[in-house]
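Data block below; observations after.
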Amino acid sequence: MSSGATAGVRTYKNYVNGEWLGGSSGETFAVYDPSTEEVIAQVAAAGSADVDLAVKAARAAFDGGPWSTTSAQDRGRVLFRLAEKIRQNSAMLAEIECRNTGKPIVEAEYDIADVATCFEYSNKVLGNVNPVPANALSFTLREPVGVAGQIIPWNYPLLMAAWKLAPALAAGCTCILKPAEQTPLTVLEVANWFREVGLPPGVVNIINGLGETAGAALVAHPGVDKIAFTGSAAVGKIIVKSAADTLKRVTLELGGKSPNIFFTDADWEASIDGALFGVFINQGEVCSAGSRILVEKKIYSKFVEAMKEKAKRIKLGAPFERETKMGPLVSKEQYDRVSSYLELGKKEAKVAIGGGRPKQFAKGYYVEPTIFYDVENTARIAREEIFGPVASVIPFDGEADAIRIANDTPYGLAAAVWTRDIYKAFRVVKSLRAGIVWVNHMQPTYVEAPWGGYKQSGFGRELGPWGLEEYLETKQVFVNLDETPIGWY
Ligand code: NDP
C-alpha cells in the first residue's frame with residue numbers, strides 16, 4: 001500500500017514496476033492542506049536514479065509486452081475496471097482532493113466523476129485502407145508511440161492524470177507520470193488498484209518529486225518516446241528544448257489569458273453569471289479561466305456594477321463546507337504570486353471589488369474574488385496568466401474591436417462569446433484564435449471533445465479521438481497484388 005498514518009500525516013512512496021518504493025536518496029517532501037496550512041502527508045522524492053528505474057520498468061513493459069500487443073478491447077476492459085474502482089471510492093478520493101488542493105468539495109466530487117468517465121471513454125483504435133491503384137493494397141496500422149512521460153499540474157490533480165493516462169493506456173503505451181509536488185495524493189491512492197484491475201507491473205509508474213529534478217530527468221531520458229505536459233508556458237519552453245536532444249514527440253497543454261466577450265444583446269442575468277463563473281470557478285486556478293472580460297461599451301458601466309454586486313455573494317469558506325464556492329489557493333507560493341498581481345493591478349487599473357486577503361480567515365491561502373476594471377489590454381494584469389481569482393474587465397466598441405482585443409495575446413487556449421445574434425456569434429467564433437470557443441457559456445468540458453490551445457497555449461490535443469491520436473504512430477503497409485516481376489534489370 002502507498003500510505004500509512006504517522007500522527008495524522010500519511011506517508012506515500014513512488015509506484016515503480018508494480019511496487020511501492022522509497023526514493024533512493026531517502027528524501028521526502030511535505031504536502032499541505034492549504035486551508036489550515038498543516039502538513040497532511042510526506043512523500044518520497046524521486047531523483048534521477050528513481051526516474052531511471054521507472055523508465056526501465058515502463059520500457060520493459062512496453063518492449064516485452066503484453067500490454068502494447070493486447071487488443072484494444074482488452075485494454076479497454078482494464079480501464080473500465082479502473083473506472084469502476086474510482087466510482088466505488090469516489091467519496092474518499094474527493095475528500096483527499098478537496099483537502100490537498102483547497103477546492104470546494106462539490107467541485108472535487110465533479111472532478112472524480114469526470115475521472116471515471118475519462119477512463120470509460122471507449123478506446124477505438126482505428127486504421128485505414130488507402131485507395132491506391134488496383135495492383136496493390138495499402139493500409140495503415142495504428143500502433144502505440146511507446147513509453148510516455150507525463151507531467152501534470154496541481155489544479156485538477158486526478159483529472160489531469162486521467163486525461164493523460166487513459167488515452168495512453170488505451171493506445172497501448174506504458175507510462176511514467178509525475179504529479180505536481182503540491183498534489184500527488186489522489187493518483188497515488190488510485191495506484192493501489194492498478195494490479196487488482198489488471199494493469200501489469202511497469203505499465204503505469206508514478207514518480208513523485210520536484211519538476212527541476214524528477215521532471216527534468218524524465219524529459220531528458222533517452223528511454224522515453226513521448227512527453228505529454230500540462231503546466232505553465234515557461235516550463236513548456238524548457239521541456240521542448242530538453243526533449244529536442246532525443247527528438248521526443250511532445251504535446252503541451254499550457255496556460256491562457258482567455259477572453260470572455262459580452263455583447264449588448266446577450267441575456268443579462270446569464271452574462272453576469274457567466275462572467276463570474278468563467279473566472280472564479282476553482283478559485284480561478286483554471287487554465288481556461290475567462291480572466292479578460294471584454295464588455296461592449298454600451299453596457300460596460302452597468303455590467304461592472306452588476307458583477308460587483310453578484311461577486312459579493314460568492315461564498316468563500318472551508319473547502320469541506322458544501323455551500324463553499326471558493327476555497328483557498330493551493331499553496332503559499334501561489335498565494336504570494338497572486339497577491340503580487342493584486343498589488344500590480346491596483347497600479348494598473350481600478351478595483352471594483354476585492355484586492356486582498358479576506359479578513360474572516362485566520363489561516364489558509366484565501367484571496368478575495370477580485371475585479372479590476374478600466375484595464376488596458378496592454379497592462380500586465382491583462383497579458384500575464386495570474387492563475388487565481390482575478391478578473392480584468394476591458395471595454396470594447398463593436399465586433400471588430402472585440403475580436404482585435406481578444407486575439408491580442410500570446411495565448412490561444414480558450415474564449416467565449418455571449419450574444420443572441422447567431423450571425424455575430426459565428427463570425428466571432430471563426431475569428432478567434434483559440435482552441436476552445438464557447439457560445440453563451442464558459443468552461444463546460446467533455447471527454448468526447450478536444451482540449452488544447454493555439455499559439456503559446458501549446459500544441460497537440462487531449463480528450464476524444466484527438467487525445468488518443470497523440471499516443472499513436474501510423475504505420476503504412478504496402479502489399480503487392482501483382483505477381484509480375486518488377487523487371488528493373
Ligand atoms: P508548472 O509549469 O510550474 O508545473 C507543471 C508541472 O511541471 C509540475 O509537475 C512541475 O513540477 C513540473 N515541472 C516544473 N519544472 C519542470 C522542469 N524543469 N522539467 C520538467 N517538469 C517540470 O505549472 P503549475 O504546476 O504551477 O500549474 C499551473 C500552470 O499550468 C498554469 O500556467 C496553467 O495555465 C497550466 N495549466 C494548463 C492546463 C491546460 O490544459 N492547458 C490545465 C491546468 C494547468 P513541480 O510540481 O515540482 O513544480
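The values are calculated or read from the model by the stated rules, or taken from the named source; none is laboratory data. On a predicted model such as this, the values are computed, not experimentally measured, just so you know. Reconstructed Cβ throughout: ideal geometry from the backbone, glycine too, with neighbour counts over all protein chains shown. Accessible surface areas use protein heavy atoms only, side chains included; no ligands, DNA or RNA. Shrake-Rupley method; radii C 1.70, N 1.55, O 1.52, S 1.80 Å.
Brief remarks on what is shown
- Qualifying residue in the stretch 3-15 (condition: hydroxyl-bearing (Ser, Thr, Tyr), more than 23 Å from the chain's Cα centre (by Cα), surrounded by 17 or more Cβ atoms within 10 Å (Cβ to Cβ) and part of a loop (DSSP other than H, G, I, E, B)): yes
- Residues of the stretch 254-273 satisfying the condition of being assigned to a helix (DSSP H, G or I) and either within 16 Å of the ligand (Cβ to nearest atom) or open to solvent by less than 10 Å² (accessible area, probe 1.4 Å) (or both): Ser271, Ile272
- Index of the failed condition, Thr484 passing every other in (1) modelled with pLDDT under 95; (2) buried (at least 16 other Cβ atoms within 10 Å of the Cβ): (2)
- Filter pass, Lys424 being surrounded by fewer than 16 Cβ atoms within 10 Å (Cβ to Cβ), among the basic types (Lys, Arg) and touching a helix residue (DSSP H, G or I) at 6+ places or on another chain (Cβ under 7 Å): yes
- Taken over the stretch 58-68, residues that are open to solvent by 60 Å² or more (accessible area, probe 1.4 Å), in contact (Cβ under 8 Å) with a residue 40 or more places away in the chain and closer than 16 Å to Ala148 by Cα amount to 1.
- Applying the set (1) within 16 Å of the ligand (Cβ to nearest atom); (2) under 30 Å from Gly215 (Cβ atoms) to Leu247 leaves exactly one unmet item: (1).
- Filter result for Glu189 (surrounded by fewer than 24 Cβ atoms within 10 Å (Cβ to Cβ), at pLDDT 95 or above, away from the ligand (no atom under 14 Å from the Cβ) and charged (D, E, K, R)): yes
- Selection status of Pro167, touching a Gly at 6+ places or on another chain (Cβ under 7 Å), within 16 Å of the ligand (Cβ to nearest atom) and at pLDDT 95 or above: yes
- Of all residues in the stretch 455-471, those being crowded, with 21+ Cβ neighbours inside 10 Å and part of a strand (DSSP E or B) number 2.
- Residues of the stretch 223-238 that turn out to be over 16 Å from the mean Cα position of the chain (by Cα) and near the ligand (Cβ under 7 Å from one of its atoms), as a count: 1
- Pairs linking a residue in the stretch 82-109 that is closer than 20 Å to Asn192 by Cα to a residue that is β-branched (Val, Ile, Thr) and surrounded by fewer than 23 Cβ atoms within 10 Å (Cβ to Cβ), with Cβ atoms under 6 Å and 6 or more positions apart or on different chains, are Leu82/Val197; Cys98/Ile105.
- Test: Gly146 is modelled with pLDDT of 95 or more, at positive phi and open to solvent by 20 Å² or more (accessible area, probe 1.4 Å): no
- Yes/no for Gly18 being more than 30 Å from Phe361 (Cβ to Cβ), of a type in the set (Gly, Ala, Ser) and touching a Lys or Arg at 6+ places or on another chain (Cβ under 9 Å): yes
- Scanning the stretch 408-421 for residues that are within 28 Å of Glu368 (Cα to Cα) and either acidic (Asp, Glu) or open to solvent by 10 Å² or more (accessible area, probe 1.4 Å) (or both) returns Asp408, Thr409, Pro410, Tyr411, Trp418.
- Just one residue in the set Ala148, Ala191 is touching a residue at least 12 places away in the same chain (Cβ under 8 Å), under 27 Å from Val235 (Cα atoms) and in contact with a helix residue (DSSP H, G or I) (Cβ under 8 Å, 6 or more places away or on another chain); that residue is Ala148.
- Members of the stretch 77-133 that are among the polar types (S, T, N, Q) and modelled with pLDDT of 95 or more: Gln88, Asn89, Ser90, Asn100, Thr101, Thr117
- Unmet criterion (only one of (1) within 11 Å of the ligand (Cβ to nearest atom); (2) crowded, with 21+ Cβ neighbours inside 10 Å) for Ala220: (2)
- Those residues of the stretch 201-217 which are away from the ligand (no atom under 11 Å from the Cβ) and either open to solvent by 40 Å² or more (accessible area, probe 1.4 Å) or β-branched (Val, Ile, Thr) (or both), in sequence order: Pro201, Val203, Val204, Ile206
- In the set (1) out of contact with any Ser or Thr (no Cβ under 9 Å at 6 or more places or on another chain); (2) surrounded by fewer than 20 Cβ atoms within 10 Å (Cβ to Cβ); (3) farther than 30 Å from Ile281 by Cβ, the condition left unmet by Thr140 is number (1).
- Condition met for Gly102 (open to solvent by less than 10 Å² (accessible area, probe 1.4 Å) and touching a Phe, Trp or Tyr at 6+ places or on another chain (Cβ under 9 Å)): yes
- Filter result for Arg404 (open to solvent by 50 Å² or more (accessible area, probe 1.4 Å) and either within 16 Å of the ligand (Cβ to nearest atom) or under 18 Å from the mean Cα position of the chain (by Cα) (or both)): no
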